[in-house]
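Structure first, commentary second.
The values are calculated or read from the model by the stated rules, or taken from the named source; none is laboratory data. These numbers come from a predicted model, not from an experiment. Ideal geometry is used to build each Cβ from the backbone, glycine not excepted, and the neighbour counts take in all protein chains shown.
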Amino acid sequence: MENGVVGDRLCSTESVDGGRDVWSGKDSDSADHLVVMVNGILGSATDWKFAAEQFVKMLPDKVFVHCSVKNVSTLTLDGVDVMGARLAEEVLEVIQRKPNFKKISFVAHSVGGLVARYAIGKLYRPPEIRNLEEDPSTNICDKDLVGTIGGLEAMNFITSATPHLGSRGNNQVPFLFGLTALEKTASCVIHLIFRRTGRHLFLTDNDEGKAPLLKRMIEDHDDCKFMLALRVFKRRVAYSNAGYDHIVGWRTSSIRRNVDLPKWEDVSNEKYPHIVYEEHCKACDEQSETASVEDNSLDKIEEELVTGLSRVSWEKVDVSFHSSKVRFAAHSIIQVKDESAHIEGADVYKIQSILSMTRQSSLQEKKTVIKQFILFIHYPCMTLLLEHSNISFSIY
């Protein structure tokens, strides 16, 4: 295990297998909020280096960031379920090393979002209700009736450019140009390139006669409580590229039907040039599910995925880098893989001085500044997105 001081009270450790933990201050035990960052296909923990350091700088002594290392490089081809099980074990190992953790959040990119969804299904723990007959005086509040993730309070579940609806047909993989012949061919040969993970993404897996994995992940099972786990998070946020992401389409990353995609024009607001649309989608109950708008572009299983994931509320944020010089790398930009490629966002560091000014301020004032941070993690090219007031990273 290699220890290091990155600077500005920022500390990190890097294990021999490439794992990376980042925190602020001399004592890592001062942070009680574990943030797990999950890379996408063929990615690694280093993909989160820039984001992890900025996260901790913006929330000093509040969060401990762990960049997942169990699913890197070609290990990301082993299948969403295998990777999810590995991630669940990894998270439990981190929690055991740091018993001071009380809260947990996930920030995932691309396929990493599916892996994180599988992992939380494995990590879900039902609420522990005390026996009222033994102690009638016990007061039970709503918090006691909520399950946990690995024994920790679930706070934020955030995905960016994640193919929640899979990658099969209907222009879900834009570089196939929506051509039916190409999409069908891709479904037949994708496993030759991306192995089991490819089968899961294109919904062609049929393990022991079971339904495709992504379909099974919109239901709860004895060993994996996928939807119960999603539901316990205070916030679920789906960031998506409205264009120029040639790997993951807009609909699948924003969990929408084609008819539900918002209409937008070039944004004239210079303050937030890359956000083109955002909405808070309430959870749909069982009765309203059948009343959804018909969309002939959806096949049956894709409709089931949209309906299933809509049983929980989502905050959806659509962005576009259409005016950026590096817009064709939108799939990577949204994760901030390379700091040097995003020098346009250097002036956002000014927010650090704002945060330091609030350290002596009231709790509410601190919240006002801190809650702007999550936008910075995903959109480094945006000069003043930290001031955007509609998205917040819950730490309280």
Quiz prompt | Which numbered condition residue 138 fails, given (1) at pLDDT below 80; (2) on the phi > 0 side of the Ramachandran plot | solution = (2)
Quiz prompt | Subset of the range 150-159 [within 21 Å of residue 110 (Cβ to Cβ) and surrounded by 24 or more Cβ atoms within 10 Å (Cβ to Cβ)] | solution = 157, 158, 159
Practice problem: Kindly state which strands (runs of 3 or more DSSP E) lie completely within the range 19-136 and contain at least 2 residues that are under 17 Å from the mean Cα position of the chain (by Cα). | Solution: 33-38, 63-67, 103-109
Quiz item: Which of the residues that make up the range 148-165 are over 18 Å from residue 309 (Cα atoms) and not aliphatic (A, V, I, L, M)?
Solution: 148, 150, 151, 153
Exercise. Check whether at least one residue in the range 95-106 is in contact with a helix residue (DSSP H, G or I) (Cβ under 7 Å, 6 or more places away or on another chain) and at pLDDT 95 or above, and report yes or no.
Key: yes
Quiz item: Restricting attention to the range 268-316, and to residues there that are in a helix (DSSP H, G or I) and modelled with pLDDT under 85, which single residue is surrounded by the most Cβ atoms within 10 Å (Cβ to Cβ)?
Solution: 289
Quiz item: Got at least one residue in the range 51-72 being at pLDDT below 90, small (Gly, Ala, Ser) and on the phi < 0 side of the Ramachandran plot?
Solution: yes
Self-check item: Cβ-Cβ under 7 Å pairs, at least 6 apart or on other chains, the range 40-53 side free of Cβ contacts under 8 Å to residues at least 60 places away in the same chain and of a type in the set (Ser, Thr, Tyr), far side surrounded by fewer than 24 Cβ atoms within 10 Å (Cβ to Cβ) and part of a loop (DSSP other than H, G, I, E, B)
Solution: 44/18; 44/72
Exercise. Please work out which residue is nearest to residue 231 (Cα to Cα), limiting yourself to the range 246-267 and to residues that are modelled with pLDDT of 85 or more and either among the hydrophobic types (A, V, I, L, M, F, W, C) or touching a Gly at 6+ places or on another chain (Cβ under 8 Å) (or both).
Key: 255
Self-check item: Within the range 200-209, tally of residues that are at pLDDT below 90, crowded, with 18+ Cβ neighbours inside 10 Å and within 15 Å of residue 84 (Cβ to Cβ)
Solution: 1
